[in-house]
Structure formats: C-alpha cells, structure tokens
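K.L.:
Sharing a structure below in structure tokens format, with a few things to ask.
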Amino acid sequence: MATKKFIYLNRRSSFGTVYAIESLEVVLIAAAFEQDVSLAFIDDGVYQIVEGQNADGIGMKNFSKTFHALGDYDINKLYVSAESLEERGLSADDLMPLVYEDEDDDWVEKPSIKVVSNVKLSKIMSEQDVCLSF
Amino acid sequence: MLHTVNKSSFERNSLKSCLNTIDDTSVILLIEDGVISAAKNTNASMIADLAAQGRVYALQGDVEARGISSKLADNIKLVDYAGFVDLVVEHGTAVSWV
C-alpha cells in the first residue's frame, strides 16, 4: 500500500468535547496502516498534552497517558504551536515528556514533541498529502 | 445570580458575553472548558477584577483534569460539586452561558 503523509490538527482541549479522544483513535488507526503520521497541537489543543492531568474528579478516562504509546507506533512528529502555548501562559516544560526510540540511531530515546512557530507549522502542513481536523 | 461558563474563552465568546451583562452582586463559576479562563494566561485580565472581589469560582475536578492546578490566576476560588450546589442555593437564579 502506498504511504501518504497525514497530519492531524488538534485544536480543542481534552474533555469539553469528544474531538480530542476521537482524534487519538484515528491517529492510531493510521499508524496501524503504517502511514507517515504527524500531529499538530494548536489553540486549546495544546492542553491535550499538558503534564499532570487528573480526571478522577470528573469521572472521565484520562486518555492523556495514551500519548506515551505513540512512540511505539512510530508516531514521533508532534508539533506544538509556540504562539498557542505562549497565549495560554504555558511553555515546553509544562508538556508531557513524550519520547520515541530512534531505530536509525541505536534506539536512543529522543523527544517526540517539537515546539514550532505558526510560520513553520504552515510549512509543515503544506508538505502533507492529507490534513485531518479535530 | 450565579453565572456558569463552560467554554474556553480562547474558543468562544461566552465568558465575554457573560461579563458584558453581569450585575454587581452576581458571581461566576467556571466549569468544564470554562476553567481554562481561570489559568494565568493572556485572557486572565478578563476576570481579574471580579476575582479580586472574590466573585470568581472554578470547579476543582475540571481544573485538575486539565492539568492547570498549579497555574491558576490570583484570587480564583476552587469549589467541589458540593460547593457548586451551595453556590446555587446561595445565589438563587442560575444562568448557564452554554
């Protein structure tokens, strides 16, 4: 099967709507078909990967832990809008330490998250075959 | 009156609409994605004055779920679900800015 470049745009936070968890489900499906997958987190989407989420008090599943599994599915391109982080008083240090093992570099653990400007993000999006919005 | 806001101020204008029409004795309770407005961010100035008057509450479970417990703006009062009920009882008519 031909490989296409997919990017998933995540623009909403985790629990207020169903978009975030649905996006993650579809990301994992694309990974199962061995596609080239990138994720972008912009606007309130950056809250999806904030460290220290605890959903016990609202009786919902804390699916943020699933992001740690993405590296094992060869999903290691997670782009975060620097402008969206800054607007929300957040920095890269507030995000989950998501990593993958680089098979081309003796399986060294490397960070999956890259904080990028919106200009860079638009360039990354223009290089994709498919953009899916959530 | 008690005003509840459940949308992020970065995504919808419901907090802004609420603030435009709120009177001097009403309080605001931020719930669900509304608690994003309780964090220290570029929208925090929207509710800073009301919070300084002790009139802004946020639902603790929703704050914790979004990982922003350590990033709350000044003077935000946290309540649990029982506290939510107390606010409804205390302030009479509730308005939900959905």
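K.L.:
Would you mind checking the radius of gyration and Dmax of region B:2-97 based on alpha-carbon positions, in Å?
P.N.:
11.8, 33
K.L.:
To the nearest Å, what is the center-to-center distance of region B:21-98 and region A:36-113, using C-alpha atoms only?
P.N.:
Centre-to-centre (Cα) distance: 27 Å.
K.L.:
Now, a different point. Of all DSSP beta bridges located in the protein assembly as shown, what percent are antiparallel, nearest 5? Could you put the intermediate results ahead of the total?
P.N.:
On the way: 6 of 37 bridges.
The antiparallel fraction comes to roughly 15 percent.
K.L.:
So, one more: Which one of B:Gly67, B:Gly34, B:Gly83 has the biggest mean-square fluctuation once chain B is modelled by GNM with Cα springs under 10 Å?
P.N.:
Maximum fluctuation in the GNM of chain B, among the listed residues, is at B:Gly67.
K.L.:
Something else about it: So, in nm, how far is label A:Glu87 from label A:Asn62 when the simple model puts each one 7 Å beyond its Cα toward the Cβ?
P.N.:
About 2.7 nm separates the two model spin labels.
K.L.:
Please report, in Å, the Rg and the Dmax of region A:38-124, where both are computed over Cα atoms only.
P.N.:
Computed over the Cα atoms of region A:38-124, radius of gyration and Dmax are 13.7, 42 Å.
K.L.:
Quick check on region A:32-88: what are the equivalent-ellipsoid semi-axes from the Cα gyration tensor, as sqrt(5λ), descending, whole Å? Display every interim value, and only then the final one.
P.N.:
Working: eigenvalues 92, 67, 13 Å².
Three semi-axes, in Å: 21, 18, 8.
Throughout, read-outs are computed from the coordinates displayed, never taken from laboratory work. Keep in mind it's a predicted model, so treat the numbers as computed, not measured. Because the Cβ atoms are built from the backbone with ideal geometry, glycine has one as well, and the counts that use them run over all protein chains shown.
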